[in-house]
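For reference, the structure is listed below as structure tokens.
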Amino acid sequence: MAAQETFPVRRDGSTPAIDEAYEKMRQREIGLSRMLMLYIGTGLTFMLLPGTFLGVWNLIKISNREMANTISPAWLQAHGHAQVFGWIGTFILGIGFHSIPRMRGGEPVAVRAARTCWALWTTGVAMRWVTCVYGWEWRVLMPASAVLELAAFLIFFRNVAQHKPAKQNTEKKTKFETWAKVVIGATVGMLAAVVMNLVGCFQAAIYSTTPAFTPEFDQSFLALITWGFLVLFVWGFSAKWLPIFLGLRETRERMLVTAFLLAAVAVILGGAGAAKTGAVLTLAAAATAPLALRLFEKSARPAKVNGVHPSYPVFIRIAYAWAIVAAALGVWAAIVNEKGVWGASRHALTGGFLAAMVFAVGQRVLPAFSGMRLLFSPRLMFAALLLLNIGCALRVSSEVLAYQEYAAWAWKVLPISAFTELTAITLFAINLFTTFSRPPATQMIRIAMAKQNT
């Protein structure tokens, strides 16, 4: 029989070796929580300032002139880059550094590597926004920003990929779970998007007269960053978290893989010029994913709503309905090839699905990941989700009506939709920033007990 490991014991019964290990683990957890809050805070800043405010300004100018072609493509792409890479991309990197190795049963990543990645990524995204908006030295800085983003992503990919499952788990699980496969596929899609962004930036710097991608290149790029990695990340983490949070029945894993493959093939076909076929496959994928997750079936258990607003399971289901609407509008857009329909399709996906999922699931998991904090205000969570959906509905409907010249009054609705969504995003940011500024739940409990004792 193997000898059991023993530790020296103090007179008070404590063991210094265990105390030191516990303190080391505690400090590492604090470092990881601060690292995640740094990423989330940065993403919120990009969401509010370079992203949403510029988007609102663009929409006001378009509405006042009642013309879709009055805004510089570089400005529109700067807004999109800040939202996709600056907001959601930064969230993905932070959550990935914090969570993926743990979900696989491995050791946490090095905080230093995560901070280096943050510095490179943030500088690259900010540099891209400044060069596209102001046009200053863009032939040099635009490619440089893409290089920084690629370097940051490679650091992320290397550090996350090298963390294999812990030894005690390797005998039980030799294969990745389905949700992890989808997340890995989404990570590959994100790498492809970062590389495609690098190619586009160098092409623009060499051949273009403005810091903007060509319309054809931008169309393929948008398909890749939306259905090629953002949506796939949401599907993967939905398969991991939603059965627990919403009490859903067991995920149909083969159906989820089918949805993933349909989306991937759709992106490839769209990039190859088969836009109509790709759009139809995208619609099939959007309809298959919620069926795989069993979102619209009777739940097996009650949803876990402690600490958040009890309506958030409803908003998650609405978000997946928005994804189907976006894909259906994408089929229409591929047939008529009209700018307004394309825009409505993209906004139904980015605002109705992606942003709503970040608002709903993000406010559920991010406080817990950031040192076991409690969400500041479930009411603010509800208000943000409600206003986001109202604004998205106004934006999608009025964009089709206005751009297609079905109704002149719809031009006046566009800025209303923009300010409604801006209010929602501001409430979301306030709720998370206030949550992060408060002490962790354990510390709040100790403070409350101390007040009772005094």
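Calculate, for Arg254 and Ala192, the FRET efficiency according to 1/(1 + (r/R0)^6) with r their C-beta to C-beta distance and R0 22 Å; round to the nearest 0.05.
Once the sixth-power term is evaluated, E becomes 0.35.
Once fully extended, how much extra length lies between Val199 and Gln404, figured as 0.36 nm per residue of separation less the alpha-carbon to alpha-carbon distance?
70.5 nm
Would you mind checking which residues have amide H under 5 Å from Lys304's amide H? H placed 1.01 Å from N; only 5 or more apart, or other chain.
Those lying under 5 Å, H to H, from Lys304 are Leu246, Gly247.
With viscosity set to 1.306 mPa s and temperature to 10 °C, compute the Stokes-Einstein D of the range 354-404, Rh being the Kirkwood radius across alpha carbon pairs; µm²/s, no decimals.
128 µm²/s
Length gain on complete extension for the stretch Thr277 to Met372, per 0.36 nm per residue less the alpha carbon to alpha carbon distance?
29.6 nm
How long is the gain from Ser397 to Thr209 if the chain were fully straight, where each residue apart is worth 0.36 nm and the alpha carbon distance is subtracted?
64.3 nm
Taking just the alpha-carbon atoms of the range 256-299, what radius of gyration and Dmax come out, in angstrom?
Cα-based Rg and Dmax for the range 256-299 come out at 11.7, 41 Å.
Going by average Cβ neighbours within 10 Å, how do the peptides 241-253, 81-93 rank, with the highest at the top?
81-93, 241-253
Would you mind checking the range 252-267 for residues with the amide N under 16 Å from a putative spin-label position 7 Å along Cα→C-beta of Leu291?
252-263
Which number comes out as Rg/Rh for the range 299-400 once both Rg and the Kirkwood Rh are worked out on C-alpha atoms?
1.08
Around Ile430, what is the net charge, scoring Lys/Arg as +1 and Asp/Glu as -1 over all other residues with Cβ under 13 Å from its Cβ?
+2
How much net charge surrounds Ala344 when only the other residues with a Cβ under 13 Å from the Cβ of Ala344 are counted, with Lys and Arg +1 and Asp and Glu -1?
Charge balance near Ala344 sits at +1.
All of the numbers you see were taken from the coordinates with simple rules; none came from a lab. Quantities reported herein were computed from a predicted structural model and do not represent experimental measurements. Here the Cβ is made from the backbone with ideal geometry for all residues, glycine too, and neighbour counts use every protein chain on show.
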